[in-house]
Amino acid sequence: MKRGNAGLVLAVCAIASDWACAAQSVTLPAWVCAHPDAIFAGGFEVGEIAVPHAPSGGSGGLYPGNSTRSVTVSGLGTQNYYLYLPTNYTPVRPWPLLVALHGAGGPNTSTSSAQQVRADWSASALADGFAVAAPVGSDTQGGGWIAPDINGQGPSDYDAIAAVLADVKAHYNVETTREYAWGFSAGGEVLDDIVLTGWSGMNADTFAGYAVTGTALAGCPTYNAVSSCVPANAARIIPQDIHIGQNDPIYTQGYATSDKNAFLAAGWTLGTTLWFTVFTDGNPAGGHTYSTADLAQVWTNLCPSAVTP
């Protein structure tokens, strides 16, 4: 698949037809993450790039703090999700959005798991100025996610995640050039599949960057005649953060390192478009888990990334 090189092509995209202008990665000026409430803090200094903006302009949602919203998905019915808006949220300006996908915690744990990842991300969201949306997986047996069927068709939780994105943007003012996603364990497998394999509702062009924790590409769903979760097949070289515990079997058995090498072989660059962190904190220490400090580091790595509208 054709990839877009990193760089700003807003002027070209403004006059090109849709098919001629795929999403492009943009590295934002440092002030964007240092001063998340300031749109023009950089003052357009010489050599500074223009910051891409595409506000969703949504309105009508409750804020600030935690709220529970629902979406209706054909074939799945009504699906709840959990949202957090920082205390200084205002619809006057667009805000970055992070979609957080929980892991599989066992039968009937999806709701509590989604609420937990929302809570885990709230401190970073408050400190750094972004919204958090945590969808709920529909797999009641394992507490995880329902993937598309063997032919890549639905309905599935992928439809629900896409509906959550649409609902947040319709009811809150989201900076659509700065939509990010993070997934833990099974939630990371879902993200790898959506981003790398591609899906009719979302793919690598949907997000400015994404991150996985405790996840292996080998855990991706398998489809007929489709190689799932292959970095070389992604629509673009999307900034990607991999966090993995030093004692997590996914690391000790070599899966995480193999994944890093697959991204590097496909054109990702360490410290620029790929971050690979082996951590020793969490409970149990360095296990199949994460800490809020790990999440803060994920945000630091992904925050400077944006995508052209």
So for the range 274-293 (the condition being farther than 19 Å from Ala104 by Cβ, without any contact (Cβ under 8 Å) to a residue 12 or more places away in the chain and over 18 Å from the mean Cα position of the chain (by Cα)), does at least one residue qualify?
no
Could you run through the range 97-125 and say how many residues are touching a residue at least 60 places away in the same chain (Cβ under 8 Å) and assigned to a loop (DSSP other than H, G, I, E, B)?
3
Subset of the range 241-267 that is surrounded by 22 or more Cβ atoms within 10 Å (Cβ to Cβ) and farther than 18 Å from Asp192 by Cα - its residue that is farthest from the chain's Cα centre (by Cα)
Asp248
Among the residues of the range 126-145 satisfying the criterion of being assigned to a loop (DSSP other than H, G, I, E, B), touching a residue at least 40 places away in the same chain (Cβ under 8 Å) and not small (Gly, Ala, Ser), which is farthest from His53 (Cα to Cα)?
Trp145
Check the range 277-286 and report whether any residue there is crowded, with 22+ Cβ neighbours inside 10 Å, of a type in the set (Val, Ile, Thr) and in contact with an Asp or Glu (Cβ under 9 Å, 6 or more places away or on another chain).
no
State all residues of the range 157-185 that are out of contact with any Ser or Thr (no Cβ under 8 Å at 6 or more places or on another chain) and farther than 26 Å from Pro91 by Cα; if no residue qualifies, say none.
Tyr158
Subset of the range 172-219 [closer than 17 Å to Gly142 by Cβ and surrounded by fewer than 21 Cβ atoms within 10 Å (Cβ to Cβ)]:
Gly219
Checking Asp149 against (1) charged (D, E, K, R); (2) without any contact (Cβ under 8 Å) to a residue 12 or more places away in the chain; (3) assigned to a helix (DSSP H, G or I): exactly one of these is not met. Which one?
(3)
Kindly indicate the residue of the range 50-66 that is within 20 Å of Phe207 (Cα to Cα), in contact with a helix residue (DSSP H, G or I) (Cβ under 9 Å, 6 or more places away or on another chain) and surrounded by 15 or more Cβ atoms within 10 Å (Cβ to Cβ) and also modelled with the lowest pLDDT among those meeting that condition.
Val51
Could you list, in sequence order, all residues of the range 163-189 that are of a type in the set (A, V, I, L, M, F, W, C) and either under 23 Å from Gly60 (Cβ atoms) or in a strand (DSSP E or B) (or both)?
Ala163, Val164, Leu165, Ala166, Val168, Ala170, Val174, Ala181, Trp182, Phe184
When the range 153-198 is checked residue by residue, the ones that are small (Gly, Ala, Ser) and at negative phi are Gly154, Ser156, Ala160, Ala162, Ala163, Ala166, Ala170, Ala181, Gly183, Ala186, Gly187, Gly188
Members of the range 152-162 found to be assigned to a helix (DSSP H, G or I) and of a type in the set (S, T, N, Q), listed by number
none
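The values are calculated or read from the model by the stated rules, or taken from the named source; none is laboratory data. The structure presented is a predicted model; accordingly, all values stated were derived computationally and were not measured. As a convention, Cβ positions derive from the backbone with ideal geometry for all residues, glycine included, and neighbour counts pool all protein chains shown.
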